[in-house]
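The values are calculated or read from the model by the stated rules, or taken from the named source; none is laboratory data. Because the structure is predicted, anything quoted here is derived from the model rather than measured. Because the Cβ atoms are built from the backbone with ideal geometry, glycine has one as well, and the counts that use them run over all protein chains shown.
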Amino acid sequence: MSPAVPRARVYGGLVLGVVAVSWAAPLIRFAQAPSLAISAWRLVFAAVPLLALAVLRGRAELSALSARTWGWLGLSGLALALHFATWIASLQYTTVASSVALVTTQPVWVTLFAWLALSERVGRRGAAALVLCLAGSVLIGARDFAAGGAALWGDALAVAGALLAAVYFVVGRRVREALSLGTYVGVVYAVAAVALLAAHGVVDSPLTGFPPLTWGVLVALALVPQLIGHSLLNASVRHLSAPFVAVASLGEPVLSTLWAVPLLGEKPDWVQLTGGGLALLGVVLMSREESARSPPPPDLVPAAD
């Protein structure tokens, strides 16, 4: 930890960041809008100030980007757009507990993709983490299969969201080596927002006509989990190890599940808790595996949920 920053401030920021991102799933359930519209407006409201800052502060950096780098940024933005589209859609079919537990497995898939795409070694802990996450996912899926096909479809969408978030993060590792965080996030969020807005023209999904409460929820999603939550997590990684922040972030599915009990009346059963516990244990093991590897860029963490 940097000695220039008080310990209490760093840990307090981390805790506040985890609490902020944990509100994403419960807030989404209160939005009376199609999942694609929720995804689009969340990113639009978050991208506008971030892109403005990127243009103001990183104009020279943007003008110096190569066509290849722009291509990677486009791919990263598309993966992020699909991540939000699939994960937010999952909350319409399955419970908050199942959805958040499955989408939180993204660090494990990051390691798998990094091994496949970047030739980064996967050790015994990494292999064990993959097995645990798969076992947890299968257990949750089996439980939801017994409950009905719709819940199982929600689980599949949540896993797809985790896989797409992993693609976003692995691509980000390649571009972030020569790009500041502000410029990267500003451009990628804007690309993702445009992609989701364009998707509405294909699927003919409404973008307006929602009640005032829904618009308030959409703004809250951009402000609390996205801008406040992920900004604080990114700030924490500047002073704490990435594996420590990754493990601390596991408080998100726990808190999201807790919020869902009084707000949504969703009480997870023992199968969900066991499956979610196995998946989260896999993430803990993967974080320990990551601590022995070369760290990713110090101010980049997955921007999911």
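Of the residues Ala190, Ala156, only one is over 15 Å from Trp72 (Cα atoms), of a type outside the set (S, T, N, Q) and either part of a helix (DSSP H, G or I) or in contact with a Gly (Cβ under 6 Å, 6 or more places away or on another chain) (or both); which?
Details: Ala190 fails: over 15 Å from Trp72 (Cα atoms).
From the options Ala190, Ala156, the qualifying one is Ala156.
Tell me yes or no: at least one residue of segment 61-74 is β-branched (Val, Ile, Thr) and closer than 30 Å to Asp144 by Cα. Walk me through how you get there before you give the answer.
Going through segment 61-74, the residues β-branched (Val, Ile, Thr) turn out to be 69.
Remaining after also requiring closer than 30 Å to Asp144 by Cα: none.
No, because not a single residue in segment 61-74 is β-branched (Val, Ile, Thr) and closer than 30 Å to Asp144 by Cα.
Would you confirm whether or not segment 5-26 contains a residue that is among the β-branched types (Val, Ile, Thr), more than 24 Å from Arg238 (Cα to Cα) and touching a residue at least 40 places away in the same chain (Cβ under 8 Å)?
Applying the first criterion (among the β-branched types (Val, Ile, Thr)) to segment 5-26 yields 5, 10, 15, 18-19, 21.
Add one more test, that the residue is more than 24 Å from Arg238 (Cα to Cα), and what stays is none.
No, because not a single residue in segment 5-26 is among the β-branched types (Val, Ile, Thr), more than 24 Å from Arg238 (Cα to Cα) and touching a residue at least 40 places away in the same chain (Cβ under 8 Å).
Considering segment 166-183 alone, what residues qualify as being more than 16 Å from Trp115 (Cα to Cα) and either small (Gly, Ala, Ser) or in a loop (DSSP other than H, G, I, E, B) (or both)? Walk me through how you get there before you give the answer.
The initial filter retains those residues of segment 166-183 that are more than 16 Å from Trp115 (Cα to Cα), namely 175-183.
Passing the criteria: Ala178, Leu179, Ser180, Gly182.
Do we find a residue being at pLDDT 90 or above and over 17 Å from Ile38 (Cβ atoms) anywhere in segment 164-180?
Start the filter on segment 164-180 by keeping residues that are at pLDDT 90 or above, which leaves 164.
After this cut, where a residue has to be over 17 Å from Ile38 (Cβ atoms) as well, the list is none.
No; the residues of segment 164-180 include none that is at pLDDT 90 or above and over 17 Å from Ile38 (Cβ atoms).
Among helices (runs of 4 or more DSSP H) lying entirely in segment 194-265, which contain 2 or more residues that are surrounded by fewer than 17 Cβ atoms within 10 Å (Cβ to Cβ) and touching a helix residue (DSSP H, G or I) at 6+ places or on another chain (Cβ under 9 Å)? I'd like the intermediate steps shown before the answer.
On the way: elements: 212-221, 230-237, 242-248, 251-264.
The helices (runs of 4 or more DSSP H) meeting that bar are 212-221, 251-264.
Report whether or not Arg57 is basic (Lys, Arg), more than 30 Å from Leu258 (Cβ to Cβ) and free of Cβ contacts under 8 Å to residues at least 12 places away in the same chain. Don't jump to the end; show me each part of the working.
Working: basic (Lys, Arg): yes; more than 30 Å from Leu258 (Cβ to Cβ): yes; free of Cβ contacts under 8 Å to residues at least 12 places away in the same chain: no.
In short, no.
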